[in-house]
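Derivation of every value follows stated rules applied to the coordinates shown; laboratory data play no part. Predicted, not measured: the structure shown is a model, and the values here were computed from it. As a convention, Cβ positions derive from the backbone with ideal geometry for all residues, glycine included, and neighbour counts pool all protein chains shown.
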Amino acid sequence: MKIKKDLPILLIIVLPFIYLAYIWNELPDKVPLHWNGKGEIDRYGDKIEILYLACIAVFTYLILLVSPLIDPKKTLNNMGDKLQKIKFTITTFMSVLSLFLIYTIKNQSLNPNIILLLVGVLFLILGNYFKTIKPNYFIGIRTPWTLENEMVWKKTHALGGKIWFIG
């Protein structure tokens, strides 16, 4: 059953909402919502806007859930367990990012290096998967020449995966 496979993902998606509910009463009515490159607050907004951050992982999960259904050649379903692992990785990343941003809003201080570190870890993990991804229209380096030729797809993703992993 699909719900059993996605249960860990759904539990991870709920974490930002739980944390937000826990700190909600501690937050002021106006909270920092944007920082510049130096980590200085440059926009405040209503605390209700923080709910958008908690929803990032939900939207990501829904997009990855619907993608196989709208795939024109139904190739995503042929990837087997890899699609589930990618869905888990990206959704977990978005939940962790949401948690970090909510924590940052609560403490009104941002360390931009942590976001760069999180994105670097995501690239490292996805770069590792690149060499195993089969040709499809949603995940990977999707150019006309990679989609038309499986050997070009494999070579492109082998090199792209190494570059992402190193990067």
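For helix 112-130, what angle does its Cα long axis make with the longest principal axis of the chain, in degrees from 0 to 90 and rounded to 10? Taking Cα atoms only, the helix is inclined about 20 degrees. Bridgeable lysines around Lys38 (alpha carbons under 27 Å apart, same-chain partners fewer than 8 residues away excluded): Lys30, Lys47, Lys106. Calculated over region 1-58, the projected area of the Cα convex hull averaged across directions stands at 5.1 nm².
With N set to the residue count of the chain, report its C-alpha Rg divided by 2.2 N^0.38 Å to two decimal places. Intermediate results must be reported in sequence, preceding the final value.
Numbers: Rg = 18.4 Å, N = 167, 2.2 N^0.38 = 15.4 Å.
That ratio works out to 1.20.
If you run the Gaussian network model on the chain, springs between alpha carbon atoms under 10 Å, then out of Asn136, Asn128, Asn113 the most flexible one is Asn113. Pairs over the 19 Å Cα-Cα cut-off, from the set Lys131/Lys155; Lys87/Lys162; Lys4/Lys87: Lys87/Lys162.
Treating only the Cβ of Lys, Arg, Asp and Glu as charged (+1, +1, -1, -1), what charge dipole size does the chain show about its Cα centre? Round to the nearest 20 debye. Walk me through the intermediate numbers first.
Working: 19 positive and 11 negative charges, 160 e Å.
It comes to approximately 760 debye.
Since only Ile90, Tyr44, Cys55 are under comparison, the one whose Cα sits farthest along the positive direction of the charge dipole of region 31-167, derived from C-beta charges on Lys, Arg, Asp and Glu, is Ile90.
With just the Cα atoms defining each centre, how far is region 122-143 from region 8-70? Give it in Å. After rounding, the separation between the Cα centres reads 26 Å. Helix 81-107 and the longest principal axis of the C-alpha atoms of the chain enclose an angle of approximately 20°.
The C-alpha atoms of region 67-114 occupy a region whose extents along the principal axes are 47, 18, 15 Å, arranged from largest to smallest. Using Cα atoms only, what is the angle between the long axis of helix 2-23 and the major principal axis of the chain, expressed in degrees (0 to 90) to the nearest 10? Roughly 20 degrees, rounded to the nearest 10. The alpha-carbon atoms of region 115-156 define a convex hull whose volume equals 71 cubic angstrom per residue.
Can you pull out the GluC sites (Glu not before Pro) in region 21-82 that DSSP calls coil and that have at most 13 other Cβ atoms within 10 Å?
Numbers: sites: Glu26, Glu40, Glu49; in loops: Glu40.
Those satisfying the criteria are Glu40.
The local environment of Ile86, defined by Cβ-Cβ distances under 15 Å, has a net charge of +4 under the rule Lys, Arg +1 and Asp, Glu -1.
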